[in-house]
Amino acid sequence: LLDCHEMGPMDSYLISPPREPFNPHMTGYIHRWWDRVATAHAAAFDRFGWSYYTREWNEEMYPGYGSSYGIYLGAVGMLFEQAGVDGSQIKRPDGTIMTYRETVHHQFIGSMANLTAVADGRRELLADYYAQKQDNLRSKATTYVLVAGPNRTRLDRLVEKLQAQHIEVERTTKAATISRALAWSGGEAKNVPVPAGSAVVRTNQPLRQLAEVILDFDIRIPTAFLKTEKKEILAHGDSRLYDTTGWSMPLAYGIEAYRMGGTIGAPTEKYAITERTGSLVNENATVGFAFDGTDDRAFELLARLFEYNVNVWCSRKAFRADGRDFPRGSFLVRRAGNETLDVARLRALAEKAGVELVGMNEGLARGKYADLGGNEFVLLRAPRIALIAGTRVSGGDFGTIWHLLDSRLRMRTSVLDVVTVADADLSKYNVIVLPDASGGAAGYKGMLGDDGVEKLRAFARGGGTLIGEGGGAALLADSSVAISSARSRSSVLKDLAKYTRSVTRSRTAFSPEVDSLSLWESKSAAKEKPAKKGESSEPGLDEIKRDDELGRDLYPHGAIVAVDVNTEHWLGFGCAKVVPALVNSPLALVTEEVDVPARFAPADRLRLSGLMWEEARTRWGETVYATRDSFGDGQSIVFAALPNFRGYYHGAERMLLNALFLGPGFGTSARASW
């Protein structure tokens, strides 16, 4: 697999092999073939006296590069990069002129040399390929178990991705128990219940390397390279890593997963994904119709209901309908609030979305459940979304959010160029999304101008919802903009103790502990030992600044981290209590607010997968991942990083969906004329 690429015009020509770090799941023969092909490639270039080099910057850790994926199938994957000419010719630093024709000549000669080397060694290469597949079948099995939960769509979609790559996946037909395994969170798990319908992937199959590189929870980088990497960052402000260092799909999908030795003690069959058809039960119901908000398909139905102007309520509290429990965050279509409700259309939409709608004839609840006509149900407002774009706005983040809305959910979404915001009519929208952008808050302020910033403030003040992530979050949190209460950690180091104390209050409010002995019997609390005279228990400002700068320099390089979610907050509806999310930015946010929907986990359990230095864990531990603030009649919602990174971090993506779909109803004032 040849990836014949181009790079900057002042370079020469990069030839495989790459340099370390190397992914441990690559095929065993890849290094030998890299050297063999490189020898042929170099000889062809030497005949012309052309310049080239190997290994200088291209590493082979992340399996998602264009030339890398094929390696895990058994191909010889190789990257070649020619200095590009974006026109007819270019003058180089040594005074020579490089033409477009020359670059094509280089790529042609290189490609033919590579193909000839492989063709000459075809018998040996095919033997290597076959032997590797035989070794995979004979190898001792490791088994990945993806536990079936209430979000069946999430599991099906992950299995669909695996099967599309010809990875063999089975399904348990009976419940089982795993006596001992490694949990997705990194710790050992014992006596894990596995329900029927869970997915099982055994690694003793032909595509073992591909299965393991996709499913492995945490692939470690060798210590020798880490020393080089840290030196490179601290001495030269550069990294030798090209892309993310964490990518595990079970973590990204937010699925409870385990890795165990041997095979699972339960009968299995091939995992067959069947097209799900929804239904409407009790279509003559007098009170209304409910559907569970846990499954990802719920938002597909919700988007269609908004499209047909159906009034939908979302529950703050669990409720029951026709003997079924619905968790908080589920949805209700009331008869009373939809005078012209078309039940036939409702059924058709449910069937197409694959969602079960349950009709209800009784609104009175009992016990812990919410009455269907009460204020535990919040009327949602159909989102009218504008997505900010522009030259300095991250194309990757913009594209990921746009694809979620436009392609997956088929939501009508306007795209606004950031430089036109000051003159745009924002009254058409009730949600504006600001993706990451280069330059962070300063970059956004430069593009928006003072008038654009004030336009956004007026939008939120009048009842709109502003959602920012990365640079967009930094803008809303900037002290001169102050639409959000969050602040960049680096900007409040002088008052950091105040923000740290708010974390304690937030943790206590989120998960309070009550010592009944102390409460009722006046047991005295243990007192902290006072500092000695002349000593301070708190670090000085200079030390805090040095530590923050070091942590910022060693920011998470595409690491997967644990986010603690308040599942009682509407931004956390449908989420697990701990959600894996990806961080690839120096931005760390803090807030004095107690009601924080999602925080990065404490430093000791923050890192789940990928490279995250100790200094970074200290800096990011317990900082804000997502926060929500009122602003006039509207609100701001900030995410420290893009929740649905590259469109497959579905666990964290649910918080973004909640912000988009629930925000206008839950977080804005009823006075707003939306």
Taking r as the C-beta separation of Ala235 and Lys190 and R0 as 56 Å, the FRET efficiency to the nearest 0.05 is 0.80
Probe 1.4 Å, all chains present, heavy atoms only: Ile221 accessible area in Å², nearest 10, is 20
How high is the relative contact order of segment 325-424, in percent, counting Cα pairs under 8 Å that sit 6 or more residues apart? 19
So what is the calculated 222 nm ellipticity per residue for the chain, using -39500 (n - 2.57) for each DSSP H run with n of 4 or more, over all residues, to the nearest 500 deg cm²/dmol? -9500 deg cm²/dmol
Please give the per residue accessible area of the chain, computed with a probe of 1.4 Å over protein heavy atoms only, in Å². 45
Helix 30-46: inclination vs the chain longest Cα principal axis, degrees, rounded to 10, gives 50
Residue order for Glu81, Glu568, Glu593 - accessible surface, 1.4 angstrom probe, largest first: Glu568, Glu593, Glu81
Packing-based order for 342-354, 95-107, 293-305, 463-475, using average beta carbon neighbours within 10 Å, highest first: 463-475, 293-305, 342-354, 95-107
Using a 1.4 angstrom probe with every protein chain in place, what is the largest-first accessible-area order of Arg457, Arg408? Arg408, Arg457
Based on the mean of other Cβ atoms within 10 Å per residue, sort peptides 651-659, 117-125 so the most packed one is first. 651-659, 117-125
Which angle from 0 to 90°, rounded to the nearest 10, does the C-alpha axis of helix 122-138 make with the longest principal axis of the chain? 40
Measuring from label point to label point, each 7 Å out along Cα→Cβ, what is the Thr228 to Trp50 span in nm? 2.7
Counting pairs of alpha carbon atoms under 8 Å apart in space and at least six apart in sequence, what relative contact order in percent does the chain give? 12
Hey, what angle do you get for helix 343-353 against the long axis of the chain, alpha-carbon based, 0 to 90 degrees rounded to 10? 30
Consider the candidate values (1) 119.5; (2) 37.1; (3) 28.6; state which one is mean projected area of the Cα convex hull in nm² computed from the structure displayed. (2)
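R0 = 45 Å: FRET efficiency of Met7 with Asn309, Cβ-based, nearest 0.05?
So, using R0 = 45 Å, E works out to roughly 0.30.
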Work out, step by step, the length gained on full extension between Asp595 and Glu102: first 0.36 nm times the residue separation, then minus their alpha carbon distance; give nm to one decimal. 171.3 nm
Determine, for each peptide in 632-639, 143-150, the mean count of other beta carbons within 10 angstrom over its residues, then list the peptides with the highest first. 632-639, 143-150
Report, to the nearest whole %, how much of the accessible area of segment 323-407 belongs to carbon and sulfur atoms, 1.4 Å probe, protein only. 47
Label-point separation in nm, Ser491 to Tyr130, each point 7 Å along Cα→Cβ: 6.5
Carbon/sulfur accessible area of segment 144-195, % of total, 1.4 Å probe, equals 50
Whenever you get a sec, line up Asp156, Asp371, Asp3 from highest to lowest accessible area (probe 1.4 Å, protein heavy atoms). Asp371, Asp3, Asp156
Pairs to check: Lys227/Lys498; Lys445/Lys494; Lys140/Lys174; Lys161/Lys455. Give those whose C-alpha atoms are more than 31 Å from each other in this structure. Lys227/Lys498; Lys161/Lys455
Anchor Lys190: aspartates and glutamates whose Cα lies under 16 Å away (excluding residues fewer than 8 positions away in-chain): Glu256
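The values are calculated or read from the model by the stated rules, or taken from the named source; none is laboratory data. All of these numbers come straight from a predicted model, not from anything done at the bench. Please note: Cβ atoms are built from the backbone with ideal geometry, for glycine as well, and neighbour counts cover all protein chains shown. In case anyone asks, the SASA skips ligands and DNA or RNA and just uses the protein heavy atoms, side chains included. Shrake-Rupley method; radii C 1.70, N 1.55, O 1.52, S 1.80 Å.
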